[in-house]
Amino acid sequence: MADDTLNTDLLFRMIAHWAGTRPGSYYGSTYGAPTEELLQKPLSSPIADAYLAKMREDIPVLAALPVGTINMHAANDGFERKNIYIEINGSMASLADLGEVKRGSY
């Protein structure tokens, strides 16, 4: 898929909004990232599938993308830390850095 047909910047901004929203913040909606559920889990736990499924459920445009367009990767950083990265069509951003993504013009 060509980059001109897939606006990865816009998708990262959508994911940044989702990641910055706690579930239940919008009245009557479960929209939001369950980030607290990532804490206090074994580093070997398979959390990416559930996290991506919730993301695709809350952001329907992501569910419409072809399989393999959005992926999650994790890398151990020392003994007790794991960095999680979201990849969209070859572009990567750390889950911790998504807070720095700013909303811009569409």
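The values are calculated or read from the model by the stated rules, or taken from the named source; none is laboratory data. Note that the coordinates shown come from a computational prediction; the quantities given were computed from them, not determined experimentally. As a convention, Cβ positions derive from the backbone with ideal geometry for all residues, glycine included, and neighbour counts pool all protein chains shown.
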Q: Might you let me know whether segment 43-59 holds any residue that is β-branched (V, I, T), assigned to a helix (DSSP H, G or I), within 14 Å of L11 (Cβ to Cβ) and at pLDDT 90 or above?
A: no
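Basic (K, R), free of Cβ contacts under 8 Å to residues at least 40 places away in the same chain and surrounded by 12 or more Cβ atoms within 10 Å (Cβ to Cβ) - does that describe any residue in segment 29-51? Even if it seems obvious, please write down each step before you answer.
The first filter runs over segment 29-51 and keeps only residues basic (K, R), leaving 41.
Then keep just the ones that are free of Cβ contacts under 8 Å to residues at least 40 places away in the same chain; that gives 41.
Filter once more, keeping what is surrounded by 12 or more Cβ atoms within 10 Å (Cβ to Cβ): none.
Taking every residue of segment 29-51 in turn, none turns out to be basic (K, R), free of Cβ contacts under 8 Å to residues at least 40 places away in the same chain and surrounded by 12 or more Cβ atoms within 10 Å (Cβ to Cβ).
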Q. List the pairs whose first member sits in segment 1-12 and is under 14 Å from I70 (Cβ atoms), whose second member is modelled with pLDDT under 50 and exposed (fewer than 10 other Cβ atoms within 10 Å of the Cβ), and whose Cβ atoms are under 7 Å apart, counting only residues at least 6 apart or on separate chains?
A. L10/Y106
